[in-house]
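The numbers here are math on the coordinates, done by the rules we state, and not lab data. Model, not experiment: these values are computed from the prediction. Cβ sites come from the backbone with ideal geometry, for glycine too, and all protein chains shown count toward neighbours.
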Number of protein chains: 2
Amino acid sequence: MFRAKPLALTLGDPAGIGPEITHKAWQSLRNENVCFFVIGDPKLYPDVSLINAPDQVATYFSNTLPVLPIDCPHITPGKPKTSSADAIIKSIEIAVKLAQDGHVSGIVTNPIAKEVLYRAGFSHPGHTEFLAQLTQAPLPVMMLCAQDLRVALVTIHMALQDVAETITESLIIRTAKILHNALQQDFGIKNPRIAMAGLNPHAGENGALGHAEVEILNPAATKLRSDGVNISDARPADTLFHAEARLGYDAVLAMYHDQGLIPVKTIDFHGGVNTTLGLPIIRTSPDHGTAFDLAASSSTRNSGARPDSLIAAIKAAHAMGDCRTNAKIAS
Amino acid sequence: MFRAKPLALTLGDPAGIGPEITHKAWQSLRNENVCFFVIGDPKLYPDVSLINAPDQVATYFSNTLPVLPIDCPHITPGKPKTSSADAIIKSIEIAVKLAQDGHVSGIVTNPIAKEVLYRAGFSHPGHTEFLAQLTQAPLPVMMLCAQDLRVALVTIHMALQDVAETITESLIIRTAKILHNALQQDFGIKNPRIAMAGLNPHAGENGALGHAEVEILNPAATKLRSDGVNISDARPADTLFHAEARLGYDAVLAMYHDQGLIPVKTIDFHGGVNTTLGLPIIRTSPDHGTAFDLAASSSTRNSGARPDSLIAAIKAAHAMGDCRTNAKIAS
């Protein structure tokens, strides 16, 4: 079988469900037209082949899970340890370097637990910001996908009361342009249609329920349209996500975390994918956490954790890689 | 066929789709075990019987739409007029009086347009607040239902940036108690389970993303539980609304408009029902507006407007009436 360049999966927190779902994803995808390896501790997975470079992946992938080995202390499932932090971070750094150097088509990150890394001195708010620093990307944009819905966020992890003052015309314009370019480059959509969600209920009802739409969101949309970005004025968020509405756009630009994540996770709780746009490399991840509680339920890493979201993340990264390659060939 | 006490439907704005969906709802329900009449202008509906009291409804309902007539100026569909305001308001006032006096089992309100009423001197933020004043209810609570999901709101029509400072422990406690009582009295749920949504993303992540959960929401939940209300601590809103999660509660207490309405309208855009809890009378309404644009598309009131939401609102009010009657009989 023809194998494109592989994807690199990161270790994630080894005390979480990452190792279990990584192996399950490999079982599910070993005969599909994708291939990947994990940068981790071979002891965490059954049926492995050790590799020392991504170009060896295609040889093994149908038969065993290829692992690029790194040192990792012994871990009991469900019991996270600060001493894992070095391995967790190193796995991410290696994956990013391999992507930057063109040895892998993209990276798929397994879930990490921020508290574990914080205790080890990690200072980034999360995965996304760490990847942005490693790749010197000025504005990483979080996009969630589920089924036919794509939602990119203008603000992400902050208290609700800080959202309104954080949203500026400039931030909307920069975020929307990154989304527009990604939809073209990574999703193969020639003329992407972006629906912008209002910040306030009923998109502010002409100022009766807030002025952000009139003063910030709609002026940003006007400027974006004059720059060739096909984005709507602010639309009421509550009527923006049902099946018929979704036919009218390729992605939504949402103003804050729950506005975007509620519809994504309501529509498809198990199969959602988190994608970071605005990086020079392709990066996706499952949209769930480490699930330490679930991982703790089986000492043999057979907790029943569902690999759906990781599988969707792998397929999404693979498809994005294809699009980017085709775009390069065409240009 | 046995007919329980009828429901009163209000006129709504006669330039909107109200008259069309009222007649369609009657066509759909004329042979079901519900009955209703509309307080409006007989000229707006084909196939009517004029009545002058609710107890005449049962006689006519299978054959014609019963109308309790009120004066209303001539209206062209899609062209709202300030001169309709008196009839719109009078229809609501009559419906409320009939419900208060026990002549109808509840009221179902057709959509109104606030701007039309404001121009005529109406001073309430909307239907809900007007009904609260008419019935002297101290705290009307908006609840939306779609399929198996019920969501009540702590705050409703306000700018997003005002939400955080409006939410107090007292407001949560009062709202949750109204919800709890309504679930028992009007929905026949003996021991209602209420899931409380967090205000902030990830329900504040123990204070890392906002303090409202730690300082306000969870203390309110503790007090409510000690008063016999089965309510959860604040839960992340994004993972609260998918099909599996919905099995774990009877209703969600949401903190703000879009947090509650996004999942309701994403799950069921056409069949959602708006219910006002905390009134002495039963009141439901469709969860859409007047749709003047759609109404304007047909001078014969045959615009293709879907009556699904109004039908669902009628059925919901009927079922609530049954529950309340049974509760009274049992007590």
Checklist entry - So what's the Cα pair-distance distribution over region B:148-267, bin width 5 Å, in %? => result 2, 12, 23, 26, 22, 11, 3, 0
Checklist entry - Nm distances between the label at B:LYS43 and the same-position labels in the remaining copies, 7 Å along Cα→Cβ, shortest first? => result 8.7
Checklist entry - Would you list B:ASP101, B:ASP258 from fewest to most Cβ contacts within 10 Å? => result B:ASP101, B:ASP258
Checklist entry - Given charges of +1 on the Cβ of Lys and Arg and -1 on the Cβ of Asp and Glu, with all other atoms neutral, how large is the dipole of region B:148-267 about its Cα centre, in debye to the nearest 20? => result 440 debye
Item to check | In nm, spacing of pseudo-spin labels at B:GLU215 and A:ASP227 (7 Å Cα→C-beta vector) | outcome: 3.7 nm
Item to check | Relative contact order of chain A, defined on C-alpha pairs under 8 angstrom at six or more residues apart (%) | outcome: 24 percent
Checklist entry - What aspartates and glutamates sit close enough to A:LYS24 to cross-link, taking a C-alpha to C-alpha distance under 17 Å and skipping anything fewer than 8 places away on the same chain? => result A:ASP13, A:GLU32, A:ASP41, A:ASP47, A:ASP287, A:ASP308
Item to check | Two-decimal Rg to Rh for region A:100-213 - Kirkwood Rh, Cα set | outcome: 1.00
Checklist entry - Efficiency by 1/(1 + (r/R0)^6): what FRET value for A:SER49 and A:ARG193, r their Cβ-Cβ distance, R0 = 35 Å, to the nearest 0.05? => result 0.20
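Restricting to DSSP H runs of at least four residues, report the calculated mean residue ellipticity at 222 nm for chain B, -39500 (n - 2.57) per run over all residues, nearest 500 deg cm²/dmol.
After summing the helix terms and dividing by the residues of chain B, the value is -11000 deg cm²/dmol.
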Checklist entry - Where the label is 7 Å out from Cα toward Cβ, how close does B:GLN136 come to the same position in every other copy, in nm, shortest first? => result 7.3
Item to check | Tail fraction, Cα-Cα pairs, chain B, threshold 28 Å, whole percent | outcome: 41 percent
Checklist entry - Size of the dipole of region A:4-162 about the Cα centre, Lys and Arg at +1 and Asp and Glu at -1 on the beta carbon, nothing else charged, in debye to 20? => result 140 debye
Item to check | Between region B:260-331 and region B:128-159, the alpha-carbon center distance in angstrom | outcome: 13 Å
Checklist outcome for this item: Which of A:LYS265/B:LYS177; B:LYS81/B:LYS114; B:LYS5/B:LYS177; B:LYS5/B:LYS114 exceed 21 Å between C-alpha atoms? The answer is A:LYS265/B:LYS177; B:LYS5/B:LYS177; B:LYS5/B:LYS114
Checklist outcome for this item: Per its Cα gyration tensor (rounded if a/c is under 1.5, else prolate when a/b beats b/c, else oblate), the protein assembly as shown is best filed as prolate
Item to check | Cα-based Rg of region B:46-103 normalised by 2.2 N^0.38 Å, two decimals | outcome: 1.29
Next on the checklist: Charges at C-beta only: +1 for Lys and Arg, -1 for Asp and Glu. How large is the resulting dipole of region B:276-331 about its Cα centre, in Debye rounded to 20?
Outcome noted: 200 debye
Checklist entry - Using every alpha carbon pair in region A:1-52, what percent of pairs falls into each 5 Å bin from 0 up to the bin containing the largest distance? => result 4, 19, 32, 26, 13, 4, 1
Checklist entry - Which net charge results for the neighbourhood of B:LYS190, defined as the other residues with beta-carbon distances under 15 angstrom from its beta-carbon, given Lys and Arg at +1 and Asp and Glu at -1? => result 0
Checklist entry - Between B:SER62 and A:GLU129, what is the spin-label point distance in nm, taking each point 7 Å from the Cα along the Cα→C-beta axis? => result 7.0 nm
Checklist entry - Relative contact order for region B:148-267: what is it in percent, counting Cα pairs under 8 Å that are at least 6 residues apart? => result 40 percent
Next on the checklist: Below 16 Å, Cα to Cα, which aspartates and glutamates can A:LYS190 reach? Residues fewer than 8 away in the same chain don't count.
Outcome noted: A:ASP227, A:ASP250, A:ASP322
Item to check | At 7 Å out from Cα toward Cβ: B:HIS124 inter-copy label distances (nm, ascending) | outcome: 5.4
Checklist outcome for this item: Along the dipole axis of region A:99-195 (charges at Cβ: +1 for Lys and Arg, -1 for Asp and Glu; origin at the Cα centre), the most positive-end residue among A:ALA120, A:GLY102, A:ALA159 is A:GLY102
